[in-house]
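What follows is one structure encoded as structure tokens, with my remarks underneath.
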There are 2 protein chains.
Amino acid sequence: MRQGLLDTALDGAGAAALLVVAESSRDPDLAVFVGSAHLGQSFLLAAPGRTPLLGFLVDMERDEAAATGFELAGAAQTVLECRRRGATESEIWIAVLAVALERVGLAKGTVALAGRAPAGRTHVVIAALEERGFVFTDGHSLMLNLRKAKSRDEIDAVRRAAEGTCRAFRRVAEVLASAKRRGKSLRHAGRALTAGVLRREIALVLASHGLEQPEGNIVATGADTGVPHTQGADSKQLRAGESIVVDLYPKGLLFADCTRTFCVGEPGNALHAAHALCADALQTSQAAAGPGVLGADLQKEVCRLFEARGFVTAGSNPGTRSGYVHGLGHGVGYELHEYPSFRSAPDNIGTLEVNDVFTLEPGLYAPEEGYGVRLENLLLLTEEGAENLTPLPYDLDPRAW
Amino acid sequence: MRQGLLDTALDGAGAAALLVVAESSRDPDLAVFVGSAHLGQSFLLAAPGRTPLLGFLVDMERDEAAATGFELAGAAQTVLECRRRGATESEIWIAVLAVALERVGLAKGTVALAGRAPAGRTHVVIAALEERGFVFTDGHSLMLNLRKAKSRDEIDAVRRAAEGTCRAFRRVAEVLASAKRRGKSLRHAGRALTAGVLRREIALVLASHGLEQPEGNIVATGADTGVPHTQGADSKQLRAGESIVVDLYPKGLLFADCTRTFCVGEPGNALHAAHALCADALQTSQAAAGPGVLGADLQKEVCRLFEARGFVTAGSNPGTRSGYVHGLGHGVGYELHEYPSFRSAPDNIGTLEVNDVFTLEPGLYAPEEGYGVRLENLLLLTEEGAENLTPLPYDLDPRAW
């Protein structure tokens, strides 16, 4: 985290400081500061021109915290004193945050509040601190802006996650290409080929690359593919001629995100045409993505492309459940969905900039007819345009991979 | 989630309803209601004598939400209307929650607030709803109480996670037992045996059991074992004669949690004695755990046992960094740390009850001398006492496994 970037963001938000509260160092707003340190309940208080103050509530994490190089708030000692007099969890949080805020000299300034925490506790703790004269604003957008353009280390982490993701897709294609057909049923290694079987193969490849799937994945087949976020039950059997949508979003230190649509055997004409059109939309939008381009403008272009071919889109029919029903993409980083935004949005949150990492994922859905298609690449924006971090085939037919 | 349990909890908290706000269905307070449904930003509003109302903000998740059987709040439609008039994320949340609260007829009652959300947004949204006359209290303890005793399905999920965990430990023991020694250095498959090498083996076994490690793990060696929460860098080399603490806490639908301490080659006398004493403390406290027993009383007993052998403990020396420096255990479920508590605590949060799932994990640490020991079992409380879900050897020597 570059101090200059933080100072500018605070200034823009009219805040004297940033307070991140977190249940663990995996909180995206904390991870951007502390990387892979292993902390439980903790907070970070950053103000212009000073080293951020890091607080951790459990003394056993002192070596992990010290390795970050931040100034340490001594919160674990405050916790101990609080526990001695029987304080509740909320009272403990009020005490440690008040000590830190006073130490940084913020009794009068506005504090941008970020991080994730139990909602009930947040409400009680922040109300108590406001009674003491502190003033808090929502620091969520500030953090999303700070996290938007990636550092070199973050880009390396995304690349590693994307590489593992590509290997998992290669394995999916391999299993599908070698599946035995019995009528419409598919079989693998002597048993029915289900979404669960494919998920196990995916998990093994990702694990061997040090990746996990904290948000799960989508392995949807047939009618389930008609609704973009239906994950597909493990027990669902994969069948020839049906669309199979595989959407993987694993995480190392940062996330990757990629989708391909497969069909074993002959796809119907509608599925075939929708797939070709999605591949066209993906390549068109990818070529148009460059520094200074608005995500919302790319979304409009893809809507026009689909509408010209007779599909309903969310552009002209918000809320439509068939056709192109969602946005074109989203930023990817410590969170699966972050800036840049592809919605019509104020300020710079939708402007693509160098070192932004984001997806493009046009899709076409026909829930009534029981199929859906989505093709999604993960991209890194450079001066020269969008670099595809998931350079995989688009083919429906896994044998073509 | 049994309705009767919820009604009693609400009554006890003096609340007319429970509101859970969540960034995804993996939020522990939401997962206990919706299980493995695949939802993003969502909320649940529960009140006595009515089916809970489930809201999801993205229409693409309608099939996942419908499969839960809850009444649906129609929030995705409200979101669409909000977006049309350019509402911010906070304004959208205020709108969907106000609609739901009014629908359930809670304009005058107190609402217990639970779930996890961005802190800044929580602060803004709840303040706005309070201005409209709603009153919110912290529902965190209420949810921890609700989630304390596990259902049959939850126990099955914990058992599966514990089984995978045991398999991962067997693999760890196998790798350590077969490690080649070159002086004090250990080698595996022709290269240096590091924490990272062991982590990869662990991840593969866990993945093959459908488990992940959302909170990471601890593979600490040598001096790092002297500080209980130091995770151990991947690059750290494992060495003969040193303590190797492996603490795994993977998750399927629910978490498991288990720790063993190993030593390849001859342990020093102090390490050997500390290990034997921890095994004794674990077996003693395990035998004493039964319905109605207070977790804090077990902690006191273990402190007495260690103190009788000359070790400093957190019981008589809160804040000590050597000896027995932490609590005896914690409940395990949708969260890694939940009720029962092993701290001196009010009410029933520290009373062990049938179907509670919790750890017992005595440990002894000597950061100055560069070693630490911890032995941890995951237990299910039955009428007959504590059933060990992690029935693994305790031996330091992996060849004895």
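When only DSSP loop residues count, what GluC sites (Glu not before Pro) in segment B:335-401 have their Cβ near at most 11 other Cβ atoms within 10 Å?
Numbers: sites: B:Glu335, B:Glu338, B:Glu353, B:Glu368, B:Glu369, B:Glu376, B:Glu383, B:Glu384, B:Glu387; in loops: B:Glu335, B:Glu353, B:Glu368, B:Glu369, B:Glu383, B:Glu384.
Answer by residue number: B:Glu368, B:Glu383, B:Glu384.
Using a label point 7 Å beyond Cα on the Cα-Cβ vector, give me the inter-copy distances for B:Gln283 in nanometres, one decimal, shortest first.
Shortest to longest, the spacings are 7.0 nm.
Can you give the helix-only mean residue ellipticity at 222 nm for chain B, where every DSSP H stretch with n ≥ 4 adds -39500 (n - 2.57) and the sum goes over all residues, rounded to the nearest 500 deg cm²/dmol?
Mean residue ellipticity at 222 nm (helix-derived): -11000 deg cm²/dmol.
Once both axes come from the Cα atoms, what is the angle between helix A:3-12 and the longest principal axis of chain A, in degrees from 0 to 90, rounded to 10?
90
Measuring label to label, 7 Å along Cα→Cβ, what does B:Ala66 give against each other copy in nm, shortest first?
Label point to label point, same position, other copies: 5.8 nm.
Give me, ordered by chain and number, the residues 5 or more places off A:Thr194 or on other chains with an amide H under 5 Å from its own placed amide H.
Sorted by chain and number, the residues that satisfy this are A:Leu238.
Report the label-to-label distance for A:Arg309 and B:Asp395 in nanometres (one decimal), using points 7 Å from each Cα along the Cα→Cβ vector.
With each label placed 7 Å out from Cα toward Cβ, I get 6.4 nm.
Could you point to the residue in B:Val302, A:Gly109, B:Tyr339 farthest towards the positive end of the protein assembly as shown's charge dipole, with +1 and -1 charges on the Cβ of Lys/Arg and Asp/Glu respectively?
Final value for the positive-end residue is B:Val302.
How about segment B:35-102: which chymotrypsin sites (Phe, Trp or Tyr not before Pro) there lie in a loop by DSSP and see at most 16 other Cβ atoms within 10 Å?
On the way: sites: B:Phe43, B:Phe56, B:Phe70, B:Trp93; in loops: B:Phe70.
Filter output for segment B:35-102: empty list.
For helix A:295-308, what angle does its Cα long axis make with the longest principal axis of chain A, in degrees from 0 to 90 and rounded to 10?
On a 0 to 90 degree scale, this one is about 20.
Relative contact order for chain B using alpha-carbon pairs under 8 Å, separation at least 6, rounded to a whole percent? Intermediate values should be presented prior to the final figure.
Values: 856 pairs, mean separation 56.8, N = 401.
Contact order relative to length: 14 percent.
Please state, rounded to one decimal and in Å, the Kirkwood hydrodynamic radius that segment A:255-308 gives when every pair of distinct Cα atoms enters the mean of 1/r. It would help to have the intermediate numbers written out before the result.
Numbers: mean 1/r = 0.0775 Å⁻¹.
This gives a value of 12.9 Å.
Going through the cross-link list A:Lys236/B:Lys251; A:Lys150/B:Lys251; B:Lys150/B:Lys251; B:Lys184/B:Lys236; B:Lys251/B:Lys300; A:Lys251/A:Lys300, which pairs have a Cα-Cα distance over 19 Å in this structure? The partial results should precede the final answer.
Values: A:Lys236/B:Lys251 23 Å; A:Lys150/B:Lys251 30 Å; B:Lys150/B:Lys251 15 Å; B:Lys184/B:Lys236 13 Å; B:Lys251/B:Lys300 30 Å; A:Lys251/A:Lys300 30 Å.
Table pairs above 19 Å Cα-Cα are A:Lys236/B:Lys251; A:Lys150/B:Lys251; B:Lys251/B:Lys300; A:Lys251/A:Lys300.
Considering only the other residues whose Cβ falls under 13 Å of the Cβ of B:Thr68, what net charge follows from Lys and Arg at +1 and Asp and Glu at -1? Please report the intermediate quantities before stating the final value.
Numbers: positive: B:Arg62; negative: B:Glu61, B:Asp63, B:Glu64, B:Glu71.
Overall, the nearby charge balance is -3.
Where the Cα atoms of segment A:200-260 are projected onto their three principal axes, how long is each span, largest first, in whole Å?
Projected onto its principal axes, the Cα set of segment A:200-260 covers 35, 20, 17 Å.
Which net charge results when you count Lys and Arg as +1 and Asp and Glu as -1 among the other residues whose beta-carbon is under 11 Å from that of A:Val79?
Value of the local net charge: -2.
Roughly how many debye, to the nearest 20, is the charge dipole of segment B:1-151 about its Cα centre, given +1 on each Lys and Arg Cβ, -1 on each Asp and Glu Cβ, and no other charges?
In debye, rounded to 20, segment B:1-151 gives about 180.
For segment B:3-147, what's the relative contact order in percent, using C-alpha pairs closer than 8 Å and at least 6 residues apart?
27
When the Karplus curve 6.51 cos²θ - 1.76 cosθ + 1.60 is applied with θ = phi - 60°, which whole-Hz ³J(HN,Hα) does each residue of segment B:165-178 get, with x for Gly and Pro?
4, 4, 5, 5, 5, 4, 5, 4, 4, 4, 5, 5, 5, 9
Using the Kirkwood radius built from alpha carbon pairs, what does the Stokes-Einstein equation give as D for segment A:3-147 at 37 °C and 0.692 mPa s, in µm² per second?
Working: Rh = 15.0 Å.
D, rounded to a whole number, is 218 µm²/s.
Treat each spin label as a single point 7 Å out from the Cα along the C-beta direction, and report the A:Glu130 to B:Arg132 distance in nm.
1.6
Which distances, in nm and shortest first, link the A:Val135 label point to the same label point in every other copy, taking 7 Å along Cα→Cβ?
Distances to the matching label points in the other copies: 2.8 nm.
So what's the Cα pair-distance distribution over segment B:214-322, bin width 5 Å, in %?
2, 10, 16, 19, 21, 18, 10, 3, 1, 0
So what's segment B:116-199 giving for Cα Rg divided by 2.2 N^0.38 Å, two decimals?
Values: Rg = 24.3 Å, N = 84, 2.2 N^0.38 = 11.8 Å.
For segment B:116-199, the normalised Cα radius of gyration comes out at 2.05.
In square nanometres, what is the average projected area of the Cα convex hull of the protein assembly as shown?
Details: hull surface 131.4 nm².
Mean orientational projected area (the protein assembly as shown, Cα hull): 32.8 nm².
Can you give the mean number of other chain Cβ atoms that lie within 10 Å of the Cβ atoms in peptide B:198-211?
On the way: counts 0, 2, 4, 1, 1, 9, 4, 1, 3, 13, 4, 2, 5, 3.
Across the residues of B:198-211, the mean count of other-chain Cβ atoms within 10 Å is 4.
Using C-alpha positions alone, give me the convex hull volume of chain A per residue in cubic angstrom.
On the way: hull volume 61.3 nm³, N = 401.
In chain A, the Cα hull volume divided by residue count equals 153 Å³.
Read phi for every residue in segment A:110-120 and hand back ³J(HN,Hα) as whole Hz from Karplus 6.51 cos²θ - 1.76 cosθ + 1.60, θ = phi - 60°, with x for Gly and Pro.
These are the phi-based 3J(HN,Hα) values: 7, 10, 7, 9, 9, x, 10, 7, x, 5, x Hz.
Every read-out reported here was derived from the displayed coordinates using simple, explicitly stated rules and does not represent laboratory data. Predicted, not measured: the structure shown is a model, and the values here were computed from it. Please note: Cβ atoms are built from the backbone with ideal geometry, for glycine as well, and neighbour counts cover all protein chains shown.
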